[in-house]
Structures are given as structure tokens and as C-alpha cells.
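The values are calculated or read from the model by the stated rules, or taken from the named source; none is laboratory data. Values in this document were obtained by computation on a predicted structure and should not be read as measured data. Cβ coordinates were reconstructed from backbone atoms using ideal geometry, including for glycine residues, and neighbour counts include every protein chain displayed. Heavy atoms of the whole protein, side chains included, go into the accessibility calculation; ligands, DNA and RNA do not. Shrake-Rupley method; radii C 1.70, N 1.55, O 1.52, S 1.80 Å.
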Amino acid sequence: MTRLIVGPFNRVEGDLELTLDLSEGRVEAARVATTLYRGFEQILVGRPAADALTIAPRICGICSLSQSIAAAAALRVLTDVRPPRNGELAANIAHAAENIADHLTHFYLFFMPDFARDFYAGASWFPEVAARFKAVSGAAALEVLPARARLLHVMGLIAGKWPHSMAIQPGGVTRSLDLGEKMRLIAVLGEFRAFAERVLFAAPLEKIAALETPDDLAERAQCRGDFAAFLRIAANLRLEMLGRLALPLISFGAYAQGGSHLFARGLFDPRVGAGASALATGSIAEHVAFSFLRDSSLDPAQAVTAPDMNKPGAYSWAKAPRLSGAPAETGAVARQAVREDALVRALLAQAGGTNVLVRIVARMVEIARLTLAAEGWARELKLDEAFYETPPALVEGCGAGMTEAARGALGHWMSVEKGVIQRYQIVAPTTWNFSPRDAQGVPGPLEQALVGVEVGSSGAKAPAIQHVVRSFDPCMVCTAH
């Protein structure tokens with residue numbers, strides 16, 4: 001057996017290192033290490049409760065608004081305030097814009113450049129893909145970056161700035177839109193739709209959102225557009241066989257629609273294949289047996305995050321979240337599976353679980369669905385009605401705020417006494433997916449997905465390793481908060 005250290009990774013937000021045990025050119029075991037401690041959960045303790053709305057978004061410059069949504073949701077539980085419909089709609093639009101931008105960045109700048117590496121120079125598709133997606137010099141970036149920047153103008157209209165906006169509050173959003181701003185919002189979303197339909201999909205968004213079967217996907221691969229280019233590569237390299245995983249898929253729910261969500265909260269188990277079931281959030285626990293953290297309560301609502309960098313056996317600053325004692329995968333694939341998307345469910349059934357192909361397909365389908373939804377929300381805004389409800393003064397209590405960042409289930413648990421934060425715990429999407437082993441020694445999702453991956457003689461440079469890791473779209477700074 002050979003032990004291999006892979007890292008630090010480029011094109012990953014934060015610091016990531018893998019330890020791989022190889023046997024006969026394949027990964028026999030993996031350990032995933034988050035190598036940076038940041039301490040946001042400790043920073044928040046002892047501060048006024050409302051400070052969470054200022055500090056939590058600064059956990060990350062990529063999913064900043066998602067952190068705002070979760071913090072505001074936790075405070076909403078404590079104050080029992082209900083935002084007006086305009087407040088929900090405006091928050092949904094800004095949240096969708098951030099998550100679409102994240103999916104776009106991941107696809108074009110983080111994931112696809114790996115197929116432009118010299119390793120694939122002999123493939124028939126390589127010249128076209130290298131010209132389009134090669135890091136720095138690829139032509140796609142010249143189209144994608146302006147489209148992404150224009151999309152983020154949504155933040156300026158609704159949230160004032162991005163990242164680290166203060167506009168998202170328990171009672172809604174702090175800024176009301178006038179008619180001119182509503183029209184600009186609709187125009188920005190229309191411009192992004194035009195880009196997505198011309199460049200990414202080469203098809204109407206409605207057609208992408210309506211894909212239902214693997215045959216539909218194979219037919220789409222014969223079309224133009226960057227999504228189709230990925231599908232052709234995936235078929236050639238059989239990416240449905242890479243990074244396979246059969247774990248429960250969880251979604252915390254996102255984009256409020258009155259008393260429900262556009263993407264529902266729930267659990268889908270691809271091993272069972274039945275419909276989605278309710279998610280028992282009370283069964284969430286965080287293990288630290290292999291983390292550089294002191295032992296504490298497994299319950300996020302009661303836990304204290306305290307570092308122990310000399311802890312024997314520890315190898316990561318990430319905790320190990322578990323649902324009913326078992327690992328779970330989260331992300332766009334989980335959201336679409338829980339919402340009973342026909343295409344994602346069919347791909348999961350075909351492969352017996354998740355893999356590199358279905359994780360990317362779920363993100364692309366989600367771009368189409370979120371853009372369509374955001375256009376509808378923008379038109380639904382009623383400018384003569386309130387965007388914000390003032391909450392009552394906060395004294396004490398416990399609350400959990402849950403939402404979906406681009407990368408998956410995000411939860412904030414807070415405890416407040418006399419208006420001051422006593423405990424604050426964050427379970428981020430990449431903490432779920434990139435967790436170390438738990439108290440029973442069970443590997444986390446990525447650690448399991450890497451087992452069996454063939455590296456051959458390429459060792460640390462094997463692109464298959466990169467494909468599997470990036471298929472989860474890691475954000476390591478959120479992982480260790």
C-alpha cells in the first residue's frame with residue numbers, strides 16, 4: 001500500500017488536503033482534512049444577538065447571503081416576526097442570484113478546466129474543450145465573467161452591496177424598491193436568461209427545466225452549448241461511474257413561498273428509491289472524534305466549539321455532521337431529488353446513487369429553474385406594500401435557522417440570554433460532504449466517494465481525483481467557519 005498526500009488544492013475556496021491510501025493504482029481509503037481554523041462560532045459568543053447579522057455573513061465571500069438568510073431565520077424563530085410577502089420575495093431573488101452565480105462559477109472556472117489538462121490531449125473532444133475552458137486562456141471566461149457580474153447587480157438593487165450585506169433581516173429586507181428599480185431587476189434577470197439560453201444551454205430555460213429522462217439528456221448532448229459539451233465529455237469518460245455514493249440526501253429547504261418552499265425540506269434515500277420523507281432536524285449531531293476540537297455535546301444547539309490542536313488522532317478542523325448517526329450528502333442533487341425532479345431521480349436510480357455526472361447535471365438544471373423562479377418573483381413584487389416588519393426586542397431563547405446555500409444544507413443554531421449570544425453553532429454544506437470520520441470511525445461522504453477511484457501511475461496528478469472533489473463544489477472556509 002502507498003500513502004499519498006494531495007494538496008493544497010487550487011481552484012477551491014479555502015484550504016483542503018487529502019490523504020489517500022493506494023493499492024494497485026486505486027484509492028483504498030481516504031482522509032479529508034480541512035487545514036484552517038477560523039473560530040466564527042467563538043467570535044459570536046458574548047455579543048448582542050443582532051450582531052450575528054453582521055458577523056455571520058463574513059464567514060464566506062462566496063455564499064455570504066446564504067449565511068445572512070440562515071442567521072436571520074434563527075433570529076426570526078426567537079422574535080416570532082413574520083416578514084411581509086415582498087420581504088420574502090426580495091430575499092428569494094437575491095438568494096437565487098447568489099446561488100446561480102455560485103453554480104456558474106463552479107462550472108466554468110472550477111470544474112470544467114480540469115478537462116483541458118494535457119492528460120486528455122488524445123481525446124477527440126480535447127482541442128475544442130481546451131480552447132473553451134482552459135484556465136486563464138479559455139474563451140468561455142470572456143463571456144461568463146461579465147454575465148456573472150451583471151447578475152450580481154441584483155444584490156445592489158436589493159441588498160445594497162455584495163458580499164456581506166446587512167439588508168437581510170428577520171423581518172424581511174431593509175430596502176423597498178420603486179418602479180424603476182423593479183424594472184431594472186427584471187431587465188438584469190432577462191439579460192442573464194439571454195446569456196444562459198445562448199451560451200450555456202443553447203435552448204430555452206423552460207426546455208432545460210423540463211428534462212425528465214436519461215434519454216432526454218443524451219439528446220441534449222447532441223446540441224450546441226457548454227452544457228452539451230460537458231454531457232459529451234461525461235459520456236466519453238463515463239462520469240456516472242466516478243465518485244459514486246449511496247447515502248441519504250438532505251435538503252433544509254429554500255426560497256420561502258408563504259408557508260412552504262420552492263425547494264422543499266426533506267430527505268431522499270436513493271437506496272430505497274421511494275418518495276422524499278420528512279427531515280428530522282432533531283436527529284442532527286456533530287462528532288469531533290477526529291477533529292481538532294474538544295469533546296462537547298453532539299447536539300448543535302448545545303455544543304461548544306473549542307479548539308484542541310494537539311488532540312491525538314485528529315486530522316481535520318471540520319466536524320463530522322451525522323443524521324440519525326449516519327453520514328448524509330447535500331447539495332443541488334439533494335435539493336432536486338427531494339423536490340421529486342424526474343431527471344435527477346432517474347439518474348440516481350440508474351446509477352444506484354450519486355456520482356460526478358448527476359451532481360453537475362443537478363446544478364445546471366437548478367440554474368434554469370432558479371432563473372425562471374426569480375423572474376416570477378420579481379414580477380410578483382407589489383411596490384405599494386411593505387418589504388419589512390419591525391421585530392420585537394429580543395431577550396432570550398433558542399432558535400435554529402436553516403436554508404440552502406449553493407453547496408447544500410446550511411444551519412445556524414443560537415442560544416440567547418438577556419439579548420446576548422451564549423452559544424452559536426453552524427453546520428455548513430461542505431462540513432456535511434467533507435467531514436472526517438465520526439465517533440464510530442465511519443468516513444464522511446467525500447472520503448467514501450474517493451474509495452475505488454483509479455489513479456494509475458498519475459498519483460497526485462490524477463484528474464479523476466480532481467473531478468470527484470470538485471463535483472461537490474467545496475467551500476472549505478465555511479467548513480471550519
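Suppose every Lys and Arg Cβ carries +1 and every Asp and Glu Cβ carries -1, with no other charges. What dipole size does the stretch 1-119 come out with about its Cα centre, to the nearest 20 debye?
Dipole magnitude for the stretch 1-119 comes out near 340 debye.
Which whole-angstrom value gives the distance between the alpha carbon centres of the stretch 277-327 and the stretch 411-481?
The two parts, judged by their Cα centres, are 12 Å apart.
Taking a probe of 1.4 angstrom, what is the accessible area of Trp317 in Å², to the nearest 10?
40 Å²
Taking only the alpha carbons of the stretch 64-218, what extent do you get along each of the three principal axes, in Å, biggest first?
Projected onto the principal axes, the Cα atoms of the stretch 64-218 cover 61, 32, 27 Å.
Report, to the nearest whole %, how much of the accessible area of the stretch 281-344 belongs to carbon and sulfur atoms, 1.4 Å probe, protein only.
On the way: 1210 of 2290 Å².
Solvent-exposed carbon and sulfur of the stretch 281-344 make up 53 percent of the total.
Would you rank Lys418, Lys461 by solvent-accessible area, highest first, keeping every protein chain in place and using a 1.4 Å probe?
Values: Lys418 175, Lys461 155 Å².
So the residues, ranked largest to smallest area, are Lys418, Lys461.
Of Ser457, Ser316, which has the most accessible area and how do the rest follow, probe 1.4 Å?
Ser457, Ser316
Quick check: Cα centre of the stretch 180-256 to Cα centre of the stretch 3-21, how many Å?
Each part's Cα centre sits 28 Å from the other's.
For the stretch 129-278, what percent of Cα pairs sit more than 20 Å apart?
Details: 7678 of 11175 pairs.
Across the stretch 129-278, Cα pairs with separations above 20 Å total 69 percent.
Please sort through the DSSP H helices of the chain and keep those with an alpha-carbon extent of at least 15 Å along the long axis and a Kyte-Doolittle average not below -0.5.
64-79, 85-105, 140-151, 179-195, 226-237, 356-380
Evaluate Rg over Rh across the stretch 394-481, taking Cα atoms for both radii and Kirkwood's formula for Rh.
Details: Rg = 17.6 Å, Rh = 15.3 Å.
In the stretch 394-481, Rg relative to Rh is 1.15.
Suppose every K and R has +1 on its Cβ and every D and E has -1 on its Cβ; what is the size of the dipole of the chain about the Cα centre, in Debye to the nearest 20?
Values: 47 positive and 48 negative charges, 97 e Å.
Roughly 460 debye for the chain.
Counting only protein chains, not ligands or nucleic acids, how are Ser435, Ser458 ordered by accessible area (probe 1.4 Å), most first?
Details: Ser435 0, Ser458 40 Å².
Descending accessible area places them as Ser458, Ser435.
How charged is the neighbourhood of His467? Take every other residue with its Cβ under 13 Å from the Cβ of His467, and add Lys/Arg as +1 and Asp/Glu as -1.
Working: positive: Arg11, Arg117, Arg238, Arg244, Arg359, Lys461, Arg470; negative: Asp114, Glu240, Glu454, Asp473.
Every neighbour counted, the sum reads +3.
Using a 1.4 Å probe on the protein heavy atoms only, what accessible surface does Leu142 show? Give it in Å² to the nearest 10.
Around 140 Å² of this residue is reachable by solvent.
Take the eigenvalues of the Cα gyration tensor for the chain, scale each by 5, and report the square roots as semi-axes in whole Å, largest first. Don't skip to the answer; put the middle values down first.
Values: eigenvalues 219, 174, 72 Å².
Sorted largest first and rounded, they come to 33, 30, 19 Å.
Write down, largest first, the equivalent ellipsoid semi-axes of the stretch 1-95 in whole Å, where each equals the square root of 5 times an eigenvalue of the alpha-carbon gyration tensor.
On the way: eigenvalues 313, 54, 27 Å².
Listed largest to smallest, the semi-axes of the stretch 1-95 are 40, 16, 12 Å.
Hey, can you find the accessible area per residue of the stretch 24-89 for me, probe 1.4 Å, expressed in square angstrom?
36 Å²
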